[in-house]
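Written out below as structure tokens is the structure these notes cover.
Every number in this text was worked out from the coordinates using simple rules, so none of it is lab data. Being a predicted model, the structure only gives us computed values, none of them experimental. All Cβ positions, even for glycine, are placed from backbone atoms using ideal geometry, and neighbour counts span all protein chains on display.
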Amino acid sequence: MDEPDKPARIALDCMGSDRGPQELVAAAAHLSLRREDIVITVVGDGQVIGPLLDASTYDPRRLSIRHSAQWVHPEERSREELERKEDASILVCCQMVAEGQADAVVTAGSTGAAILAAERTLGRVPGVRRTALAAVTPTELRHGPKQDPFALLLDVGSTVTVSAEDLVTFAVMGSAYARIISDNPRPRVALLSNGAESHKGPAEVVEAHALLQNMEGIEFIGNVEGLDILRGTADVVVMDGFVGNVVLKMIEGFGEVVSDLASDAHGRKFLWRLGLNMLSSGMKEIQSLLDWESYGGAPLLGFTQPVIKAHGRSGSRAVANACKVAAKVARSDMAATVERAVCQFPRQGQGTR
Amino acid sequence: MPVQSKVWRHAYRWDLDKTYLDTRFEKFSELVRIPFQGAEDKVNIPGSAALLRELSRSAEGQPDAFVSIVSGSPKQLREVLEEKLSLDGVSWHEFHLKPQLRNLRKGRLRAVKEQIGYKLPLMLASRASLACCPRETLFGDDAEVDAFIYSLYADLLTGRCGFDQVDELLSHVGASAAAKRDVERSLLKLEPSLSEQEPVETIFIYLDSGSPPALFEPFGSRLIPVFNYYQAALVLFARGHLDVRSVLRITAAFLEADRCGPWELANLFQDIARRGHLAYDAMENLALAIQDEGLGSETEQVLWASARRMLDLGDLATSQLEAQQEVSDYLQLLTQFKEAQRTIHQARSERVPESSGPQA
């Protein structure tokens, strides 16, 4: 986006999420009434979306529909599905951005389909070989001048097998994202490993450590262990997509288990109930920290345009927050910042467009 | 020639508060101030004055449409409201205001708020007084029960609804015996002119309170909920009430009060088309008319953006609403409508709070 006063145009993929299009339509309707700086095109089956919208309170000036009769189901194989479905909603969203009809994509559908659709239509930033899905997680320590209680984890599911160069690229992209979105001028970047020492971990982590240590423009603090993630030792924690996805789901699950245990204990003994009531404000604070719906979706970093992946189980609040993040990224020069940073790294292979 | 004896091309009936005038208030002090506002302080709903002006004049610039205003505002405001309409350059033939002071003096507290027993008899009497039987277009809002009153009025003019039904309904809402007598008298007068040809062509309901359009589905395809008068102007162009220059003047007036770019206008176009109230050929006709008139690049930009949005709809752009269906029980419809309004109002007040995510 070149003109900061212009509203950010979001292409919102309404299909393929676990909770159905109603949550996404509700989020779009809600934003149309509250955010003059965001215009949303709801992409999906118009026969389904239209009646959902008609039953909502919305402002049609900031909301439109792009009909697409096909979508990728979460349980289907994304590559084959996208080959077969030229009019799939996620593909239409990415095409809209590629053709300049929208500034960012938000989807709660299949991650694989989003990556493939973005690869096909938007292309990667020159110098980026693999893309990364970044997610925020709550931490004990605060981050940056705004004292954000969140750290950025990447990759959390985009690229399962990575090279040392990919990890370095992730570090560069994560650092740029934290600078822009969290307004943190010097985010501390770390690699996730099984020990703080530079020689610990798989070969690609050890190699990436050596590369990052000598890299300018990145505040690399070395390796961190799993326990450091929630403690908040680093602002940006870099790992491969397999480990990242396991870590992220574990943190989410932990929050849900704590909440379930508390409600279970509440009903069992009077003394426990009393104790929990006394701790209720603290519990609420923990719950709000672990509430992933308020985090605003995970950006897929490395593409030339913003693509935000909301959780498959997202409700309207989570989708609305994802759209707000997408608007913020769209207004920044994220792609250019990543490109500049990646170009400093001489061993990086060339990206494709 | 008396107004009633003239042959009118069409009749337009308007509500005033929240339909023509923006009388929304956020603070109690703003509500208290409304009756004391001067004509120049009154604010229009964007585009309302321009639309009414354009509708009431013919191609030759002469008024040939009957304009009636039935408002629930108290009679004491007549002077200031008439002055406001004059300032807007609007001409009218009837202007009814509610005798609120008399209602209060006689202890008729229910009548102060009740609208059916007030508006329906007046509208029927007005129709019965006209020598010709023009088709009608009605304008109301979603704040109270305009949709219901107008739909009932329309069905009374077709004969689909009779006096027995309306009598029961008026008793239910606590209308006075005089109101019932007036309705019966008007219906008797209108009996020879009852027509199945839908004397009421369209009912526009301006969504001032932000009601969802689906709330009005039970009233059928004759009723069109609109988010603003740009959408109403598009429908009225498609139905031959306005020419392209009128549409542009209304759009300009709308834009003056409501900051909108080509994309927002295109979205409004798509919205009214998607809901089945504007066919794809309306888009083509508008494009042809604009081409004929040789209008500027900004207009073309809006048109292109609108065409793009129509293409976005794919097959949905060609779907049209079904013909007006019959209402079997008006009393039930009123109860259900009020209940739905209440539910929506409650849901809105319990709306999920804004989240303050780290990146939002």
| Ranked by how many other beta carbons lie within 10 Å on average, peptides B:49-56, A:97-104, A:316-323, A:139-146 from highest | A:316-323, B:49-56, A:97-104, A:139-146
| task | Return the average number of partner chain Cβ atoms within 10 angstrom of each residue Cβ along peptide A:35-46. | result | 2
| task | Principal axes first, then extents: for the Cα atoms of the protein assembly as shown, list largest minus smallest coordinate on each axis, whole Å, largest first. | result | 101, 73, 47
| remark: Calc'd 3J(HN,Hα), the range B:232-242, phi into Karplus 6.51 cos²θ - 1.76 cosθ + 1.60 (θ = phi - 60°), Hz, glycine/Pro = x, comes to 4, 4, 5, 5, 5, 5, 4, 9, x, 7, 10
| If we count other beta carbons within 10 Å of each Cβ, what is the order of B:His172, A:His30, fewest first? | B:His172, A:His30
| task | Would you mind working out the magnitude of the charge dipole of the range A:133-293 relative to its Cα centre, with +1 at each Lys and Arg C-beta and -1 at each Asp and Glu C-beta, to the nearest 20 Debye? | result | 680 debye
| task | With label points built 7 Å along Cα→Cβ from the Cα atoms of A:Asp260 and B:Ser193, find their separation and express it in nm. | result | 7.1 nm
| note | Listed by chain and number, the lysines with an alpha carbon less than 16 angstrom from that of B:Lys98, same-chain partners under 8 positions apart left out, are B:Lys18, B:Lys75, B:Lys106, B:Lys113, B:Lys119
| remark: Per residue of B:309-315, other chain Cβ atoms within 10 Å number on average 5
| query | Build a GNM of chain B with springs between Cα atoms under 10 Å: which of B:Gln346, B:Gln76, B:Gln231 gets the top mean-square fluctuation? | reply | B:Gln346
| note | Partner shielding of B:258-267, as the mean number of partner chain Cβ atoms within 10 Å, equals 4
| task | Restrict the search to the range A:10-49; then list the trypsin sites (Lys or Arg not before Pro) that DSSP places in a loop and that have at most 16 other Cβ atoms within 10 Å of their Cβ. | result | A:Arg19
| field | Fluctuation leader among A:Asp264, A:Asp37, A:Asp235 - chain A, Gaussian network, Cα springs under 10 angstrom | value | A:Asp264
| Can you give the relative contact order of chain B as a percent, counting alpha carbon pairs under 8 Å and 6+ residues apart? | 17 percent
| request: State whether chain B is rounded, prolate or oblate according to the following rule on the C-alpha gyration tensor (a ≥ b ≥ c being the square roots of its eigenvalues): a/c under 1.5 gives rounded; otherwise a/b larger than b/c gives prolate, and the remaining case gives oblate. | output: rounded
| Compactness ratio of the range B:208-279: Cα Rg over 2.2 N^0.38 Å, N = residue count? | 1.11
| query | Which cross-chain or sequence-distant (5 or more) residues have an amide H under 5 Å from the amide H of A:Gln70, H modelled 1.01 Å from N in plane? | reply | A:Ser89
